[in-house]
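To start, the structure under review is shown below, and the notes come after it.
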Amino acid sequence: MATVHSVPRLGEFRKDLHGLLAGWNQQTKRMVCVRESLAADTVVDLNPARETSLHLARLWARDEVLRLLAARQIEAAVQLAAQYQIVTLVSGAVVLETKEQYQQTGLEPADPATVPAIPEPASRWFWLAGLVLLWLAGLGRKAR
């Protein structure tokens with residue numbers, strides 16, 4: 001049974017298609033990133049001074065929080081989750097909309113630069129999809 005994989009768009013369509021077909025023919029090498037857990041006694045030579053993306057750091061923090069919870073180190077797990085601003089079994093997210101709501105609850109709003117954001121689809125894509133559906137509906141009426 002064939003599986004479906006998404007193909008990343010990295011540049012021009014022609015180059016992306018060529019890279020995909022070359023990969024199928026195994027004419028090129030490809031880089032694959034694998035995130036895995038290692039045994040505690042495994043020695044890995046990592047440079048701790050090397051910077052990484054905040055997303056990767058949050059993925060690490062999530063796994064580390066789960067490990068701390070399994071070891072019943074709840075306070076350490078809560079502190080780590082709060083430090084990386086992730087929602088886990090021991091941490092949550094408070095969503096307040098107005099200044100008054102923050103004042104009523106005695107909370108301080110988080111600095112927007114430190115809060116992870118999930119990009120939302122642009123409204124133009126919804127408009128485009130709606131126009132395509134209307135166009136298809138019009139074609140269906142003409143066919144009848």
Per-pair calculated FRET efficiency, R0 = 30 Å: Glu36 and Arg14 via Cβ, rounded to 0.05: 0.30
Per-pair calculated FRET efficiency, R0 = 30 Å: Gln73 and Gln103 via Cβ, rounded to 0.05: 0.30
Cα→Cβ-extended label distance, 7 Å offset, between Leu96 and Arg124, nm: 3.7 nm
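Bear in mind that the values in this text are calculations on the coordinates, not laboratory data. Because the structure is predicted, anything quoted here is derived from the model rather than measured. In this analysis, Cβ positions are derived from the backbone assuming ideal geometry, glycine residues included, and neighbour counts consider all displayed protein chains.
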